[in-house]
Each structure stands twice: as structure tokens, then as C-alpha cells.
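The values are calculated or read from the model by the stated rules, or taken from the named source; none is laboratory data. This is a predicted model, so every value here is computed, not measured. FYI the Cβ positions are ideal-geometry reconstructions off the backbone, even for glycines, and counts take in every protein chain you see.
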Amino acid sequence: MGEGRQPDEKTAIAEVIRNSILWALTKDVAMQQDTMAHDEDLFILWTGSTHMTSGWKEHEKSFETLMDPRFQAVRTEVRDLVIHLSRSGDVAWYSATLDDVVSWDGKVSRFGEGLRWTGVLEKRDGRWVIVQMHASLAVDKVREIVLKETPASP
């Protein structure tokens with residue numbers, strides 16, 4: 001793949017990456033669906049111990065919770081996005097810092113601030129789709145959040 005095509009490819013990839021998370025602000029399911037592989041290759045490992053999804057059919061089940069009126073995306077920001085392209089030009093991987101602040105039934109969680117976010121995309125039929133995505137929160141950040149949210153003992 002020529003070096004001249006990389007900026008165009010990286011712009012398209014960045015849009016897919018951002019849309020994969022920004023969709024929640026407006027609950028635009030079609031936007032989110034357009035960013036993911038719709039087969040068993042899709043793998044998502046998020047911050048919770050039970051937040052692991054293998055395959056599109058399993059991922060679709062999460063929409064029930066995400067579309068629940070009690071769930072709201074409060075703030076989403078992607079920072080420090082770095083995209084790498086394979087030599088063949090049909091695979092890309094990324095890293096970023098993500099703020100994915102949500103609330104459930106009015107209670108805002110800070111555990112989505114400063115996430116380490118990575119993923120892999122494939123170019124299929126001329127479109128970039130996410131095949132793997134992972135988010136984690138560094139232990140020092142978890143400690144900081146817990147200490148701020150836990151009332152001091154008497």
C-alpha cells in the first residue's frame with residue numbers, strides 16, 4: 001500500500017473507531033452496527049469481569065441493556081488516538097485514551113474515565129470494521145476513584 005493512501009485510510013479508520021463509542025450518546029444503534037464485524041471474529045473485552053463478548057450475535061444482546069432508558073452515555077471523549085496500518089493495508093490497530101462516562105438510573109460512574117482503549121480493524125469489502133476491542137483502567141486510577149468515592153470511616 002502506498003504511503004500516500006495512509007492518511008486517507010487513517011481518517012476512515014479514526015471515524016469507525018470514534019463511531020464505535022460515540023453512538024451511545026444518541027443511542028444510534030445503526031451507527032454502532034456499522035463499525036463492527038458481524039461474525040464470530042468479533043471479540044470485545046471491556047472493563048468489568050463479566051464484560052467479555054465473543055461474536056456478533058452475543059454483542060447484539062448488549063443492545064437490550066444499552067437501549068434501556070436507565071442507561072445514558074454522559075460524556076465520551078477519545079484522546080491520543082494512534083493508528084497503525086499493516087503492510088498489506090487490510091489490517092489496522094489502534095490505541096487511545098477514552099473517557100466513556102455513563103450513568104445507570106441517574107447514578108454516574110467515574111470508572112469510564114481515562115480508559116486505556118485498544119483494538120484491531122480489518123478492511124472487508126472496502127469497509128473498515130472492528131474485529132477486536134479492549135478497554136482497561138490502570139490499577140492506580142481504580143484506587144484513585146475508589147478513594148474519592150468512598151466515604152471516610154469514622
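Observations on the model:
- Restricted to the range 19-137, the set of strands (runs of 3 or more DSSP E) holding at least 1 residues that are touching a His at 6+ places or on another chain (Cβ under 9 Å) comprises 43-45, 52-54, 91-104, 115-124, 127-136.
- Only one of Val29, Val108 that is under 19 Å from Arg127 (Cα atoms) and either touching a helix residue (DSSP H, G or I) at 6+ places or on another chain (Cβ under 8 Å) or touching a residue at least 24 places away in the same chain (Cβ under 8 Å) (or both): Val29
- Considering residues of the range 12-34 that are more than 13 Å from Asp100 (Cβ to Cβ) and of a type in the set (A, V, I, L, M) only, the residue surrounded by the most Cβ atoms within 10 Å (Cβ to Cβ): Ile13
For (1) under 15 Å from the mean Cα position of the chain (by Cα); (2) of a type in the set (Asp, Glu), each residue gets a yes or a no:
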| position | (1), (2) |
| --- | --- |
| Thr53 | yes, no |
| Phe63 | yes, no |
| Met67 | no, no |
| Arg70 | no, no |
| Glu77 | yes, yes |
| Leu85 | no, no |
| Ser88 | no, no |
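- The single condition among (1) crowded, with 17+ Cβ neighbours inside 10 Å; (2) modelled with pLDDT under 95 that Ile130 does not satisfy is (2).
- In the condition set (1) buried (at least 17 other Cβ atoms within 10 Å of the Cβ); (2) at pLDDT 95 or above, Glu113 is compliant with all but (2).
Rundown of residues vs (1) surrounded by 14 or more Cβ atoms within 10 Å (Cβ to Cβ); (2) at pLDDT 95 or above, yes/no style:
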site: Asp39; (1), (2): no, yes
site: Leu42; (1), (2): yes, yes
site: Ser49; (1), (2): no, no
site: Thr53; (1), (2): yes, no
site: Leu66; (1), (2): yes, no
site: Ala73; (1), (2): yes, no
site: Thr97; (1), (2): yes, yes
site: Val101; (1), (2): yes, no
site: Trp104; (1), (2): no, no
